[in-house]
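Novice: Before I ask anything, let me first share the structure, which is written out below as structure tokens.
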Amino acid sequence: MLQVQSYPNTATCVFSNIESKRSQAWLLCRKIALVLMLNAGLAWMPQAAAQVLDRIEVEVSPRGGKEIIVHFLRDLAVLRVSPNGAGQTLRIYVQFLSEGDTARMRETLRAGPRHGLPPFEVTYPELDGSVSVAFAAPLQFRVSQVRGSRTVSIMIPDTP
């Protein structure tokens, strides 16, 4: 004679065991996704270290006019400027003198209206690798590198 024993909560135990394994698998997937995201974030860290733009200063020149001083974190040499003399957007083509990565991510520094100058922003790198200075209105200017190898000076004459 065959004797069958019944266990009252067998089905419930089997299903709760499956649900427990599912939740453990889901938790494991979330942990793996978190680790992958953190690794991807760390892979982008060198870009932050490759920052190029430091800050902008606007001064009133003792010779008359205003001087915009763009400070960089790396030594550079100004190769050429376009357009030469006047415009609303100025492009400064530079060569970095120190070894290492140049910026991979676009950086922008903004300056509000100061000392009678319209608002402007400095951006690096542009698609052609230049530093752009975009003014809210067209201006006359002269670009030089007189304060050292980490600065670019933009002289804006007073307008009559």
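Novice: Quickly run through region 151-160 and pick out the residues that are open to solvent by 30 Å² or more (accessible area, probe 1.4 Å) and in contact with a His (Cβ under 7 Å, 6 or more places away or on another chain).
Specialist: Those that are open to solvent by 30 Å² or more (accessible area, probe 1.4 Å) and in contact with a His (Cβ under 7 Å, 6 or more places away or on another chain): none in region 151-160.
Novice: Could you tell me whether any residue of region 139-150 is of a type in the set (Val, Ile, Thr), modelled with pLDDT under 95, in a strand (DSSP E or B) and open to solvent by 70 Å² or more (accessible area, probe 1.4 Å)?
Specialist: no
Novice: For LEU109, work out the one condition from (1) modelled with pLDDT under 90; (2) open to solvent by 30 Å² or more (accessible area, probe 1.4 Å); (3) farther than 18 Å from ARG147 by Cα it doesn't fulfil.
Specialist: The single condition LEU109 does not satisfy is (1).
Novice: While we're looking at this one, here's another question. Does any residue in region 139-160 that is over 16 Å from VAL52 (Cα atoms) and among the hydrophobic types (A, V, I, L, M, F, W, C) come within less than 6 Å, Cβ to Cβ, of a residue that is in a strand (DSSP E or B) and open to solvent by 90 Å² or more (accessible area, probe 1.4 Å) six or more places away or on a different chain, and which pairs are these?
Specialist: MET155/ARG142
Novice: Still on this model: Tell me which residues, restricted to region 113-138, are of a type in the set (Gly, Ala, Ser), in a strand (DSSP E or B) and open to solvent by 60 Å² or more (accessible area, probe 1.4 Å).
Specialist: Across region 113-138, the qualifying residue is only ALA136.
Novice: Can you tell me which residues in region 96-106 are at pLDDT below 90 and of a type outside the set (Phe, Trp, Tyr)?
Specialist: Across region 96-106, the qualifying residues are LEU97, SER98, GLU99, GLY100, ASP101, THR102, ALA103, ARG104, MET105.
Novice: Got a sec? Which strands (runs of 3 or more DSSP E) wholly within region 5-93 have at least 2 residues that are modelled with pLDDT of 85 or more, touching a Phe, Trp or Tyr at 6+ places or on another chain (Cβ under 6 Å) and open to solvent by 60 Å² or more (accessible area, probe 1.4 Å)?
Specialist: Qualifying strands (runs of 3 or more DSSP E): 76-82.
The values are calculated or read from the model by the stated rules, or taken from the named source; none is laboratory data. Worth saying up front: this structure is predicted, and the values here are computed from it rather than measured. Cβ: placed from backbone, ideal geometry, glycine included. Neighbour counts: every protein chain shown. With ligands, DNA and RNA removed, areas are computed over all heavy atoms of the protein, side chains included. Shrake-Rupley method; radii C 1.70, N 1.55, O 1.52, S 1.80 Å.
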